[in-house]
Amino acid sequence: MRLLRLEEDGNFSLVEYVEKDIPQYAILSHTWGADHEEPTYKDLLKGTGRNKAGYRKLTLCGAQAAKDDLGFFWVDTCCINKSSSRELDEAINSMFRWYQKAARCYAYLADVSVDRSAGENDFTPELKAAFARSRWFTRGWTLQELIAPRSVDFFSKEGHWLGSKHSLQQILAEITGIALAALQGTPLSHFSTEERISLAANRQAKREEDAAYSLLGIFNIHMPLLYGEGRKEAFDRLREKIDDPLASLRRYVYQQTQRLDTLDITAQWIVRQMTNKPKQLGYPWETGMLEDHLKIDDGLGAEYFLPVSLCETLEVVGPSIH
């Protein structure tokens, strides 16, 4: 996981941690502006992007994290290298867990403006109406970003505190349609499939497939991302994965297979002996060399190893499901 750290000179640095070593961190939930307005991973590496409108969110998040005695924080715009499809896939499939494990979550509402932080009795009907109109509540990703974290604090455009998930739970349930029990921490497995899918109705996403992908954590499932497949196909795959966890893998292998008949007799025998699969071999998405073996990642969380000697007869070898 890649985290941001606010340095003494006011600049931000990126630090990477393996899962077991991740320190306590804050995490930001927000609405994206135009792509050119948001600081990116490359901006952070180059020390650029300060003139972008979205940079202010980094500053506010870093400052609030420091107030909460947290030295690290995560923001999706610049903590993910989106030029890497593999990293983006891993990040989206891990997102629910990252929000769940965050020490604090800050929800920044860029379209709610107040002149001071809200007190206990300051959530007036006018403020409630402005709060409910926020575009943040229409996002597909808002579901997991509101449900997963233990702690969510809401902030206005100016950075003023508006309330917390706990103090505003009844209002949040009314606005979002999320059951109060879910907001209070009841495991999502206690809710039916239809109840959980219905929460995505009428929610907006910049990329149409994200309407489905934003539900992966809600169902605690892993699914490869196929941007370009369209909203319907993404939801069909999601439902297939929910109803039969192996179905999407079988279909993936079927669509990506090459029959052994195309190989010569010797290669067929070698591959059959190593895979113990008599008919078909699938093409995975990613490959990489490791010592004298070919490392294969099927894009579904599994890895396989084959001797380099097979590379000349079969460029990539993957699993087959029958």
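The values are calculated or read from the model by the stated rules, or taken from the named source; none is laboratory data. Quantities reported herein were computed from a predicted structural model and do not represent experimental measurements. So basically every Cβ, Gly included, is an ideal-geometry build from the backbone, and we count neighbours across all protein chains shown.
Those residues that are under 16 Å from the mean Cα position of the chain (by Cα) and surrounded by 17 or more Cβ atoms within 10 Å (Cβ to Cβ), I need them from region 185-207; list them, please.
Answer for region 185-207, where residues must be under 16 Å from the mean Cα position of the chain (by Cα) and surrounded by 17 or more Cβ atoms within 10 Å (Cβ to Cβ): ALA200, ALA205.
Looking at GLU229, GLU208, GLU240, which is the one that is outside any loop (DSSP other than H, G, I, E, B) and either touching a residue at least 12 places away in the same chain (Cβ under 8 Å) or not assigned by TED's automatic domain parsing to the domain that holds TRP136 (or both)? Show your work before the answer.
Numbers: GLU229 fails: outside any loop (DSSP other than H, G, I, E, B); GLU208 fails: outside any loop (DSSP other than H, G, I, E, B).
Going through GLU229, GLU208, GLU240 in turn, just one is outside any loop (DSSP other than H, G, I, E, B) and either touching a residue at least 12 places away in the same chain (Cβ under 8 Å) or not assigned by TED's automatic domain parsing to the domain that holds TRP136 (or both): GLU240.
Starting from residues that are among the aliphatic types (A, V, I, L, M), surrounded by fewer than 19 Cβ atoms within 10 Å (Cβ to Cβ) and out of contact with any helix residue (DSSP H, G or I) (no Cβ under 7 Å at 6 or more places or on another chain), keep the ones in region 53-69 and report whichever is nearest to GLN24 (Cα to Cα).
To start, the set of residues in region 53-69 that are among the aliphatic types (A, V, I, L, M) comprises 53, 58, 60, 63, 65-66.
Filter again for surrounded by fewer than 19 Cβ atoms within 10 Å (Cβ to Cβ), leaving 53, 60, 63, 66.
With out of contact with any helix residue (DSSP H, G or I) (no Cβ under 7 Å at 6 or more places or on another chain) added as a condition, the list becomes 60, 63, 66.
Working: LEU60: 18, ALA63: 15, ALA66: 12 Å.
Only one residue fits best here, namely ALA66.
Do you know which of the residues in region 14-52 that are in contact with an Asp or Glu (Cβ under 6 Å, 6 or more places away or on another chain) and small (Gly, Ala, Ser) is surrounded by the fewest Cβ atoms within 10 Å (Cβ to Cβ)?
Ranking the candidates gives GLY49 first.
Take the conditions at pLDDT 95 or above, surrounded by 15 or more Cβ atoms within 10 Å (Cβ to Cβ) and among the basic types (Lys, Arg) and apply them to ARG104. Does it pass?
yes
Can you report the number of residues in region 81-98 which are out of contact with any Leu (no Cβ under 9 Å at 6 or more places or on another chain) and assigned to a helix (DSSP H, G or I)?
7
Suppose we keep only residues that are closer than 15 Å to GLY217 by Cβ and among the small types (Gly, Ala, Ser) within region 145-184. Which one would you say is nearest to the chain's Cα centre (by Cα)?
Per the criteria, the residue is ALA148.
Looking at (1) more than 22 Å from SER151 (Cβ to Cβ); (2) of a type in the set (Asp, Glu); (3) surrounded by 16 or more Cβ atoms within 10 Å (Cβ to Cβ), find the lone condition where ASP76 falls short.
(1)
For region 153-207, name all the residues that are among the aromatic types (Phe, Trp, Tyr) and under 28 Å from GLY33 (Cα atoms).
Within region 153-207, PHE154, PHE155, TRP161 meet the criteria.
Residues are listed down the side, and each one gets a yes or a no for (1) over 17 Å from TYR108 (Cβ atoms); (2) part of a helix (DSSP H, G or I):
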{"residue": "GLY163", "(1), (2)": "no, no"}
{"residue": "HIS166", "(1), (2)": "yes, no"}
{"residue": "GLU174", "(1), (2)": "yes, yes"}
{"residue": "GLY185", "(1), (2)": "yes, no"}
{"residue": "GLU195", "(1), (2)": "yes, yes"}
{"residue": "ASN202", "(1), (2)": "yes, no"}
